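The values are calculated or read from the model by the stated rules, or taken from the named source; none is laboratory data. From a predicted model like this one, the values you see are computed outputs, not experimental measurements. Glycine also receives a Cβ, built like all others from the backbone with ideal geometry; neighbour counts cover every protein chain displayed. Ligands, DNA and RNA are excluded from the accessible area calculation, which covers all protein heavy atoms including side chains. Shrake-Rupley method; radii C 1.70, N 1.55, O 1.52, S 1.80 Å.
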Amino acid sequence: MNARMPELKSAFEAAGFTDVKTLLSSGNVVFSTRGTSEPSLQGKAEAAMSRRLGQAFLTIVRPIDSLREMLASDPYRAFGLSPAAKRIVTFLRDEPKSKLALPIELEGARILCMEGREVFSAYLPSPKGPVFMTLIERTFGKEVTTRTWDTVAKVARA
């Protein structure tokens, strides 16, 4: 994300979203709105960014309650990960068209499981850097957004 958070917040407010908060300087926006479909909200947010910021960024919307349910279900529990493992969640706009044979691994990064449009991965930090992003982009393309489990928890508490 290459936008300043105050400008991003203003773009969402100008589009009619309420209770707008940005979190962690990484493009996480929490807001309230009347019941509208996720694709409609995504389009509205991207149009607002284009108008106010001069550039639209890929937007993936999830209801806050679905994030809370995901955290409570802890899909990582079944995998017995090392305490040093970093847990990450990749959010997809659409469910993949084909079923994947999981887990998929690349140099210590593993895609463990999927639930709907959420992909749960883990990796051990290494000198090679964020290998997990290479694995995710090879598997799902670039129209995704990935957050750490801790970031998802912070967003869900907002």
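Things worth noting here:
- Accessible area of the range 1-134 belonging to carbon and sulfur atoms, whole % at 1.4 Å probe: 50 percent
- Contour minus Cα-Cα distance for residue 14 and residue 53 (0.36 nm per residue): 12.9 nm
- In the chain, the ratio of gyration radius to Kirkwood radius, Rg to Rh, stands at 0.97 when only Cα atoms are counted.
- Among the listed pairs 21/86; 44/99; 21/99; 86/142, a Cα-Cα separation exceeding 28 Å is found for 44/99; 21/99.
- Looking at the chain, the accessible area is 58 square angstrom per residue; that uses a 1.4 Å probe and ignores ligands, DNA and RNA.
- Phi to ³J(HN,Hα) by Karplus 6.51 cos²θ - 1.76 cosθ + 1.60 over the range 127-134, Hz, x for Gly, Pro: x, 6, x, x, 4, 4, 5, 4
- Applying 1/(1 + (r/R0)^6) with R0 = 22 Å to the Cβ-Cβ distance of residue 81 and residue 40 gives a FRET efficiency near 0.05.
- Potential lengthening of the chain between residue 21 and residue 104 amounts to 26.4 nm, from the contour at 0.36 nm per residue minus the alpha-carbon distance.
- Here the chain is treated with +1 on each Lys and Arg Cβ and -1 on each Asp and Glu Cβ, and its dipole about the Cα centre works out to around 240 debye.
- Other-chain or far-sequence residues with amide H under 5 Å of residue 20's (modelled H): 32
- Whole-Å distance, taken between Cα centres, linking the range 97-112 and the range 1-41: 31 Å
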